[in-house]
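Student: Below you will find the structure I want to go over with you.
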Amino acid sequence: MSGRFASLVSTLTLCMWASLVGAQPGGGPPPATVIVDEARMETLERWRSVTGTLRSARQSVVASESEGRVIEVCCLEGEAVALGQVIARLDDTLAQIDLRVAETTLASREAEVAEWAAELERARLDLDRVQRAMQRASANERELDEARQQFVAREARLNRAKAELDRAHAEQARANERLEDMSIQAPFDGLIVRRMTETGQWLQEGGDVIELVSLNDIEAWIDVPEAFVGRLLDGSGRVRVRVNATGDEIESDELAVVPQADELSRLFPVRVPLQNADRRFKPGMSVVGLTPTGLAEPVLTVEKDALLRDDGGEYLYWNAGGVAVVARVERLFAAGSRVAVRAPALRPGVEVVIEGNERLFPGQPLDIIGRGAPAVPTDERAQRE
């Protein structure tokens, strides 16, 4: 009944436009030069539509590694930041003082090591001199013991000075790291989605600064019914993901099935990585996932170039006796260069405009200069693919 009603509406629309064209001075607008192709009824494997959303594979709440007063937040929501870029600064006055103290202590410890190294060398020379004197019977055992004790004592004092120097190095490194922590940096390339502190606030160690998401690593998460997930578990399955906001449709076999279904819906989450070099895809965008069902059924298909999009969704133009008429369509799934659609106003064999349709408007006469390739039987086309 709905198909008859849609045909009646299309016929009335054609008649109205034909009367308007005939009433215009000079015979109406010039015909549009177009290429057309037939809408076909084909038997194809049915793809099940499921809902989903885009997520960032890398998302982080960046925290402060030190406490302090915020003196600057360097970015706003929506801004892009690069790996290592400073996103906020804390007051580093005390950190700089601590670093200068650590550097002074380090210099003092280095001087002590040099001093005790010289004392040890002097003790070694005294010990050598006493040992040579003993060989000439010019020194006694008591003098030799005292020289040895002096050497051992200075060697121990030098070792302690070296340990204190190592500790001073560690204190300087810690002071330097604390100073660096006063500048909070982005851990990866991404976009700021939320500022969580402002200038003048006091941040505790581990306090939240900003929330950052990566646009380079985008994934589609779709929920697949358990009846169809088996075709994806063995690693040979493919899914299609259509991003509603952009109209992109991507087919991929790089997917991962999360082996834990929702107990109520019996839906399995499936993760599909997407290429996002131009950063068109954003986390939170809705997607339609298409999964194979293994069931074949007749569906109406049109060339994908026939489909246009506006605020109301997708549509196409078809040839109604040499005049362009609009038909709203619902995209079901892609089938090679063609798309399976649901369109009550269309029937198999109707010619749809596949080239020159961007400049068309309803009721415009058509100058058909070419037609698409003839239909190939379904089984023969399957063998070619």
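Student: Being modelled with pLDDT under 90, of a type in the set (A, V, I, L, M) and in a helix (DSSP H, G or I): is that true of Leu144 here? Full working, then the answer.
Tutor: On the way: modelled with pLDDT under 90: yes; of a type in the set (A, V, I, L, M): yes; in a helix (DSSP H, G or I): yes.
It is true that Leu144 is modelled with pLDDT under 90, of a type in the set (A, V, I, L, M) and in a helix (DSSP H, G or I).
Student: If we keep just the residues of the range 260-286 that are touching a helix residue (DSSP H, G or I) at 6+ places or on another chain (Cβ under 9 Å) and not in a strand (DSSP E or B), which is modelled with the highest pLDDT?
Tutor: To start, the set of residues in the range 260-286 that are touching a helix residue (DSSP H, G or I) at 6+ places or on another chain (Cβ under 9 Å) comprises 261, 266-268, 270.
Then keep just the ones that are not in a strand (DSSP E or B); that gives 261, 266.
On the way: Ala261: 85, Arg266: 88.
My answer is Arg266.
Student: Could you tell me which of the residues Asp223, Asp217, Asp208, Asp189 is farther than 30 Å from Ala82 by Cβ, open to solvent by 50 Å² or more (accessible area, probe 1.4 Å) and not hydrophobic (A, V, I, L, M, F, W, C)?
Tutor: It is Asp223.
Student: Can you tell which of Val329, Val302, Val353, Val341 is at pLDDT 90 or above and over 30 Å from Thr53 (Cα atoms)?
Tutor: Only one candidate passes the filter, namely Val353.
Student: Still on this model: What tally of residues in the range 328-356 results from selecting those that are in a loop (DSSP other than H, G, I, E, B) and surrounded by 20 or more Cβ atoms within 10 Å (Cβ to Cβ)?
Tutor: 4
Student: Is one or more of the residues making up the range 72-92 open to solvent by 20 Å² or more (accessible area, probe 1.4 Å) and free of Cβ contacts under 8 Å to residues at least 40 places away in the same chain?
Tutor: Yes, some residue in the range 72-92 is open to solvent by 20 Å² or more (accessible area, probe 1.4 Å) and free of Cβ contacts under 8 Å to residues at least 40 places away in the same chain.
Student: Can you confirm whether Asp278 is open to solvent by less than 80 Å² (accessible area, probe 1.4 Å), of a type in the set (Asp, Glu) and within 27 Å of Glu358 (Cα to Cα)?
Tutor: No.
Student: Quick check on my filter: what residues within the range 22-73 are modelled with pLDDT under 90 and within 28 Å of Asp367 (Cβ to Cβ)?
Tutor: Within the range 22-73, Gly22, Ala23, Gln24, Pro25, Gly26, Gly27, Gly28, Pro29, Pro30 meet the criteria.
Student: Okay, moving on. Gly289: buried (at least 16 other Cβ atoms within 10 Å of the Cβ) and part of a strand (DSSP E or B), yes or no?
Tutor: yes
Student: Output the residues belonging to the range 149-171 that are touching a Leu at 6+ places or on another chain (Cβ under 6 Å) and either of a type in the set (Phe, Trp, Tyr) or open to solvent by 50 Å² or more (accessible area, probe 1.4 Å) (or both).
Tutor: Kept after step one, since they are touching a Leu at 6+ places or on another chain (Cβ under 6 Å), are these residues of the range 149-171: 151, 154-155, 158, 168.
Those that are touching a Leu at 6+ places or on another chain (Cβ under 6 Å) and either of a type in the set (Phe, Trp, Tyr) or open to solvent by 50 Å² or more (accessible area, probe 1.4 Å) (or both): Phe151, Arg154, Glu155.
Student: Next up: Hey, could you check the range 294-310 for residues that are touching a residue at least 60 places away in the same chain (Cβ under 8 Å) and open to solvent by 20 Å² or more (accessible area, probe 1.4 Å) and say which is farthest from Ala227 (Cα to Cα)?
Tutor: Arg309
Student: Considering only residues of the range 96-148 that are within 30 Å of Leu165 (Cα to Cα) and polar (S, T, N, Q), which is most open to solvent (accessible area, probe 1.4 Å)?
Tutor: Here the residue is Thr104.
The values are calculated or read from the model by the stated rules, or taken from the named source; none is laboratory data. Just so you know, these numbers come straight off a predicted model, no measurement behind them. Positions of Cβ are backbone-derived with ideal geometry, glycine not excepted, and every protein chain shown enters the neighbour counts. We work out accessible area using only protein heavy atoms, side chains counted, and drop any ligands, DNA or RNA first. Shrake-Rupley method; radii C 1.70, N 1.55, O 1.52, S 1.80 Å.
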